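Peer 1: Structure in structure tokens, see below.
The values are calculated or read from the model by the stated rules, or taken from the named source; none is laboratory data. Since the structure is predicted, the reported quantities are computational estimates derived from the model, not experimental observations. Here the Cβ positions follow ideal geometry from the backbone for every residue, glycine too, while neighbour counts run over all protein chains shown.
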Amino acid sequence: MLRRTALATVSLLAAGLLALTACSSGGGGATPTPVGGEPDPDASVAIRLVLEPGNLDIRETAGSALDQILVDNIYQGLVARTPEQDIVPALASDWTVSPDGLTYTFALREGVTFHDGQPLTPQDVVWSLTTRRDTPEWRDSARLANVTSITADGQDITLTLSEPDSSLLWNLTGRAGIVLKEGDTVDYQTEANGTGPFVLSDWRQGDSITFTRNDAYWGERAGVGEVVFDYIPDNQAALNAALAGEVDVLTGFDANLKDQVEANGDFALVLGKSTDKGTLAFNQTSGPLADKRVRQAIRQAIDHDAIIEALGSGQTQYGPIPELDPGYEDLSDVAPYDPEAAKKLLEEAGVEDLELTLTIPNFYSTTIPQILVSDLDEVGITLEVDSVDFTTWLTDVYTNKDYDLSFVLHTEARDFENWANPDYYFTYDNPEVQSLYAQSLAATDEAEAADLLKQAARIVSEDAAADWLYNGASVIAVGTNITGMPSINVNERLNLAEIAKSNG
């Protein structure tokens with residue numbers, strides 16, 4: 001949505017900006033041991049999701065809710081990513097990169113067809129990537145800006161770059177790399193025509209989206225005949241649906257409801273890692289928050305362990321890069337919980353009786369605001385909570401940067417670029433960080449690129465550019481007759497090629 005970042009907000013709303021990887025090779029994470037016999041290859045699996053997309057146009061419409069269900073299952077690119085964030089083959093069976101990092105050559109698979117029966121051709125790939133690069137209205141168009149030419153020679157697709165870009169392969173696993181049929185007349189708002197293991201068969205707006213197995217799929221056939229995504233925003237309603245046997249899997253679930261969902265033995269709660277980042281943004285353009293000491297005081301006033309305990313899942317995070325992403329480092333030493341140190345910092349900054357407003361989308365629970373209000377009150381900061389609809393948040397916070405503090409769950413993997421973008425709503429502007437990020441992109445060695453990100457991330461944290469309240473877990477409740485359900489990063493991507501269900 002808002003650039004590369006998929007705020008969990010949109011993912012939760014229009015499609016899921018943030019709340020919300022996978023590949024043709026499958027799931028990621030453990031799911032319960034199946035009971036009840038052999039898997040039924042024609043079974044229907046019902047999966048609870050939180051908020052549905054406003055439309056299905058993967059080209060232009062923002063929001064992680066689209067990526068979550070459409071990428072991997074319906075649409076594919078030359079390469080894909082596993083839930084563990086590894087890059088693997090998809091429509092390309094293999095690829096090579098020149099030593100100077102300027103030429104990428106992909107071997108396109110033969111015998112692949114789109115859902116409407118048309119063959120996938122090398123020209124489709126060239127057209128798709130070229131159009132993406134040259135059409136600013138298409139999401140992630142700028143991610144191919146360094147690609148100067150895209151050509152085909154037989155089944156070989158070659159991308160030539162103007163300068164090295166260590167993020168290119170990763171970008172090709174997302175929207176920037178999606179391959180569409182040239183000249184397709186499909187109505188992308190309500191329909192889809194991809195190459196993936198499932199076919200879009202029905203969308204009952206306001207209720208559900210149904211995929212059926214693509215029996216002409218080029219790879220291994222999906223393990224079930226049908227997947228139904230039921231959109232149930234409320235956790236209690238989702239729990240009731242599960243206990244009534246109406247859904248088989250609950251995603252976006254509340255870990256505190258573990259005992260209730262597991263009570264009859266039909267479900268098991270599964271916690272997986274994610275790149276979800278509960279981010280408390282500081283508007284640093286003017287006023288008290290322009291003073292690093294005030295921002296640092298806020299960080300050290302917040303009891304991050306108490307947040308994890310209240311959520312019942314996840315782990316602490318004190319910097320902009322989560323554990324699953326390159327460049328991660330434990331930065332807990334930068335802002336340890338210390339209310340007394342926070343008070344001293346506020347005193348040094350000459351700040352007394354500080355009053356701030358927290359702007360937060362209204363689909364989040366009151367847990368985080370309540371903790372923040374209490375913790376900040378302990379150090380003499382009065383926090384007013386302004387819970388707004390997401391459209392208002394987008395206008396006021398994201399676009400106009402009219403806020404003091406804001407909370408949103410950013411779910412997108414490898415989105416450090418936002419800290420190197422002074423125009424992003426974070427309002428953070430550090431030339432050294434921007435230089436390190438640019439050097440990371442230009443690196444041709446993965447370890448070097450990750451180390452440069454690590455250096456930049458520490459600076460961002462030491463600058464108190466924001467506070468990262470927690471690294472969320474992927475919380476799902478899985479029926480004990482279900483196998484192959486991904487459990488890592490499911491708010492971002494949900495590859496269901498290996499899911500299976502036993503009806504016995």
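Peer 1: Being hydrophobic (A, V, I, L, M, F, W, C) and in a loop (DSSP other than H, G, I, E, B) is the requirement here; does TRP203 meet it? It would help to see each step written out before you state the result.
Peer 2: Values: hydrophobic (A, V, I, L, M, F, W, C): yes; in a loop (DSSP other than H, G, I, E, B): no.
Judged against the criteria, TRP203 is not a match.
Peer 1: Do we have ALA464 as closer than 27 Å to ILE308 by Cβ, surrounded by fewer than 21 Cβ atoms within 10 Å (Cβ to Cβ), among the small types (Gly, Ala, Ser) and at pLDDT 95 or above here?
Peer 2: On the way: closer than 27 Å to ILE308 by Cβ: yes; surrounded by fewer than 21 Cβ atoms within 10 Å (Cβ to Cβ): no; among the small types (Gly, Ala, Ser): yes; at pLDDT 95 or above: yes.
Against the criterion (closer than 27 Å to ILE308 by Cβ, surrounded by fewer than 21 Cβ atoms within 10 Å (Cβ to Cβ), among the small types (Gly, Ala, Ser) and at pLDDT 95 or above), ALA464 does not qualify.
Peer 1: Additional query: Restricted to the range 467-487, and to residues that are under 20 Å from ASP330 (Cα atoms) and either among the hydrophobic types (A, V, I, L, M, F, W, C) or touching a Cys at 6+ places or on another chain (Cβ under 8 Å) (or both), which residue is modelled with the lowest pLDDT?
Peer 2: Selected residue: ALA473.
Peer 1: Somewhere in the range 364-375, is a residue outside any loop (DSSP other than H, G, I, E, B), farther than 29 Å from ILE488 by Cα and not hydroxyl-bearing (Ser, Thr, Tyr)? Steps first, answer last, please.
Peer 2: Let us first name the residues in the range 364-375 that are outside any loop (DSSP other than H, G, I, E, B), namely 367-375.
Checking which are farther than 29 Å from ILE488 by Cα leaves us with 373-375.
Narrowing further to those that are not hydroxyl-bearing (Ser, Thr, Tyr): 373, 375.
Within the range 364-375 (the criterion being outside any loop (DSSP other than H, G, I, E, B), farther than 29 Å from ILE488 by Cα and not hydroxyl-bearing (Ser, Thr, Tyr)), the answer is yes, since at least one residue qualifies.
Peer 1: Continuing with this model, one more query. Checking THR382 against (1) in contact with a strand residue (DSSP E or B) (Cβ under 6 Å, 6 or more places away or on another chain); (2) part of a loop (DSSP other than H, G, I, E, B); (3) β-branched (Val, Ile, Thr), which single condition isn't satisfied?
Peer 2: Against the list (1) in contact with a strand residue (DSSP E or B) (Cβ under 6 Å, 6 or more places away or on another chain); (2) part of a loop (DSSP other than H, G, I, E, B); (3) β-branched (Val, Ile, Thr), THR382 comes up short only on (2).
Peer 1: Can you find a residue in the range 354-363 that is at pLDDT 95 or above, surrounded by fewer than 17 Cβ atoms within 10 Å (Cβ to Cβ) and over 24 Å from PHE416 (Cα atoms)?
Peer 2: yes
Peer 1: Any residue that is surrounded by 21 or more Cβ atoms within 10 Å (Cβ to Cβ) and under 28 Å from VAL50 (Cα atoms) - is there at least one of those in the range 365-386?
Peer 2: Checked the range 365-386: at least one residue is surrounded by 21 or more Cβ atoms within 10 Å (Cβ to Cβ) and under 28 Å from VAL50 (Cα atoms).
Peer 1: Follow-up question, since we're still on this one. Test each condition in (1) more than 18 Å from ASN495 (Cα to Cα); (2) crowded, with 21+ Cβ neighbours inside 10 Å; (3) of a type outside the set (Gly, Ala, Ser); (4) touching a strand residue (DSSP E or B) at 6+ places or on another chain (Cβ under 6 Å) for TRP203 and report the one that comes out false.
Peer 2: Every listed condition holds for TRP203 apart from (2).
Peer 1: Would you list the strands (runs of 3 or more DSSP E) that sit entirely within the range 401-494 and hold 3 or more residues that are small (Gly, Ala, Ser)? Walk me through how you get there before you give the answer.
Peer 2: Values: elements: 405-410, 466-471, 474-479.
Counting at least 3 such residues, we get 474-479.
Peer 1: What are the residue pairs meeting all of these: first residue in the range 433-457, first residue over 20 Å from VAL97 (Cα atoms) and of a type in the set (Asp, Glu), second residue modelled with pLDDT of 95 or more and assigned to a helix (DSSP H, G or I), Cβ atoms under 9 Å, and 6 or more apart or on different chains?
Peer 2: ASP451/SER440
Peer 1: For the range 51-58, does any single residue satisfy the condition of being at pLDDT below 95, among the hydrophobic types (A, V, I, L, M, F, W, C) and out of contact with any Ser or Thr (no Cβ under 6 Å at 6 or more places or on another chain)?
Peer 2: Yes, the range 51-58 has at least one match.
Peer 1: Taking the range 330-358, which residues are among the acidic types (Asp, Glu) and more than 16 Å from ASP291 (Cα to Cα)?
Peer 2: The initial filter retains those residues of the range 330-358 that are among the acidic types (Asp, Glu), namely 330, 333, 338, 340, 347-348, 352-353, 355.
Once the filter is applied, which keeps residues that are among the acidic types (Asp, Glu) and more than 16 Å from ASP291 (Cα to Cα), the range 330-358 yields ASP330, ASP333, ASP338, GLU340.
Peer 1: Consider the range 435-448. How many of its residues are over 17 Å from ASN146 (Cα atoms) and surrounded by 17 or more Cβ atoms within 10 Å (Cβ to Cβ)?
Peer 2: 1
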